[in-house]
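**Student:** Mind having a look at this structure? Questions to follow.
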Amino acid sequence: MSNEPSIRVAVVGAAGRMGREVLKALTPEEGFQVVAAVDRHEIGAKTRDLLGGHGPDLEIEEKLGAALDRAPADVVVDFSHHSAAPTHAKSAVKRGASFVIGCTGLSGDDMKMLRELCAGQGVPGMVVPNFAVGAVLMMKFAEMAARWMPDVEIVEMHHDRKEDAPSGTALLTAEKIFNARQHAPTKLPETYFKVPGVRGGVAYEVPLHSVRLPGLLAHQQVIFGGPGETLTIRHDSLDRAGFMHGVKLCARKVRSLSGLVVGLDRLLF
Ligand code: NAD
């Protein structure tokens, strides 16, 4: 352990699937002290009971503001819901704490508000649609390939409880490909569709296909095709633990940034 003071973290959405993983990952050995666990469910429950005897010894609290007044934090990590994340961020910044939002589905207006909040209060914050380092690398490699191979389709595959389609990562990959392309993709012949929607949807001139099945977690293939060759870049999230490297990196670095930073890229490249 270093002599640096530990980073005090409040976790929102602490009783959820990602929240529990975060509670386990932010250990004192890694330089963190989880000071509050907030959720709208399991209020009053002991975090150790939720984590099978591991992790910090806290009670789940209902209100982030009250939790931060009781136990000041340096960083608020939010894995609750996109509808609540902007309010949580305001609550954090008002008390001088930075936020790291992992919830997906924030709107353009939410992002604008968060940008103004960080700039106005001089408190840095992050919104990170994908904490998996491998997924961020997949997008970077796809961006590189798109310069030379403009013909590409994305197949994203997720668990059957995912609410949105396509995934935010697929959309972001398509946007990066669109911006990196030096040539327009090949125009395909008019197709007779025997099944409606069989060719998927199109965003940023990239066809996207969303697979939803039990047993999957989060997977994506970016398939490039050129004369006589194909290139497939594939990323698989096999366990929620795979997101924790990125979460720890953000919780460690967010206070050294300025304004609102979107995505893990800024900390990796
Ligand atoms: P989950 O449903 O298991 O957990 C969400 C938790 O938040 C629940 O315990 C719920 O009670 C709580 N919650 C909801 N609204 C709340 C509110 N207003 N105040 C306090 N608590 C509230 O979901 P999950 O699988 O853990 O995912 C959570 C979010 O994280 C989703 O938006 C998901 O898309 C996102 N996610 C992001 C990444 C990433 O890499 N950025 C990875 C996985 C999941």
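**Student:** Give me the distance in nm between label points sitting 7 Å out from Cα along the Cα-to-Cβ direction at residue 205 and residue 141, one decimal.
**Tutor:** 2.5
**Student:** To test your reading of the geometry: what angle, between 0 and 90 degrees and rounded to tens, separates the Cα axis of helix 168-180 from the longest principal axis of the chain?
**Tutor:** Helix 168-180 and the main axis of the chain meet at about 50 degrees.
**Student:** With N set to the residue count of the range 194-238, report its C-alpha Rg divided by 2.2 N^0.38 Å to two decimal places.
**Tutor:** 1.38
**Student:** Using r as the Cβ-Cβ distance of residue 193 and residue 30, and R0 as 45 Å, what FRET efficiency do you calculate, to the nearest 0.05?
**Tutor:** The pair residue 193/residue 30 has a calculated efficiency of 0.30.
**Student:** Take residue 54, project a point 7 Å from its Cα along the Cβ direction, then tell me which residues of the range 1-29 have their backbone nitrogen under 12 Å from it.
**Tutor:** 20-27
**Student:** Considering only DSSP beta bridges whose two residues both sit in the chain, what percent are antiparallel, to the nearest 5?
**Tutor:** 45
**Student:** Taking 8 Å as the Cα distance limit and 6 or more residues as the minimum spacing, I'd like the relative contact order of the range 155-269 as a percentage.
**Tutor:** Once divided by the residue count of the range 155-269, the mean separation gives 30 percent.
**Student:** Grab the DSSP H runs of the chain that are 4 residues or longer, score each as -39,500 (n - 2.57), total them, divide by all residues and round the 222 nm result to the nearest 500 deg cm²/dmol.
**Tutor:** -9000 deg cm²/dmol
**Student:** First check a/c for the chain, with a ≥ b ≥ c the square roots of the eigenvalues of its C-alpha gyration tensor; if it is under 1.5, answer rounded, and if not, answer prolate when a/b is larger than b/c or oblate otherwise.
**Tutor:** prolate
**Student:** Okay, moving on. Against the longest principal axis of the chain, how steep is helix 133-146, in degrees 0 to 90 to the nearest 10, with axes from Cα atoms?
**Tutor:** 30
**Student:** I've got another one for you. Between residue 230 and residue 265, what is the FRET efficiency for a Förster distance of 45 Å, r being their Cβ-Cβ separation, to the nearest 0.05?
**Tutor:** Computed FRET efficiency for residue 230 and residue 265 comes out at 0.95.
**Student:** Can I ask one more? Does the range 132-246 come out rounded, prolate or oblate, given a ≥ b ≥ c as the square roots of the eigenvalues of its C-alpha gyration tensor, rounded meaning a/c under 1.5 and, failing that, prolate meaning a/b above b/c?
**Tutor:** Oblate shape, in that a/c is at least 1.5 and b/c is the bigger or equal ratio.
**Student:** A further question follows. For residue 245 and residue 178 in the same chain, what is the full-extension length gain: residue separation times 0.36 nm, less their Cα-Cα distance, in nm?
**Tutor:** Full extension of this stretch gives 21.3 nm more.
**Student:** In addition: Anything over 22 Å Cα to Cα? Flag those among 90/112; 63/162; 24/90; 94/176; 24/46, in the order listed.
**Tutor:** Correct reply: 63/162; 24/90; 94/176.
**Student:** If you place +1 on the Cβ of every Lys and Arg, -1 on the Cβ of every Asp and Glu, and leave all else neutral, what size is the dipole of the chain about its Cα centre, to the nearest 20 Debye?
**Tutor:** Computed about the Cα centre, the dipole is about 280 debye.
**Student:** Give me the angle, in degrees from 0 to 90, between the Cα long axis of helix 108-121 and the longest principal axis of the Cα atoms of the chain, rounded to the nearest 10.
**Tutor:** Between helix and principal axis, roughly 40 degrees.
Laboratory data are not the source of any read-out in this text; all were calculated from the coordinates shown. Predicted model, so just to flag it, every value in this text is computed and none were measured. For neighbour counting, all protein chains shown are included, and Cβ atoms are generated from backbone atoms with ideal geometry for every residue, glycine included.
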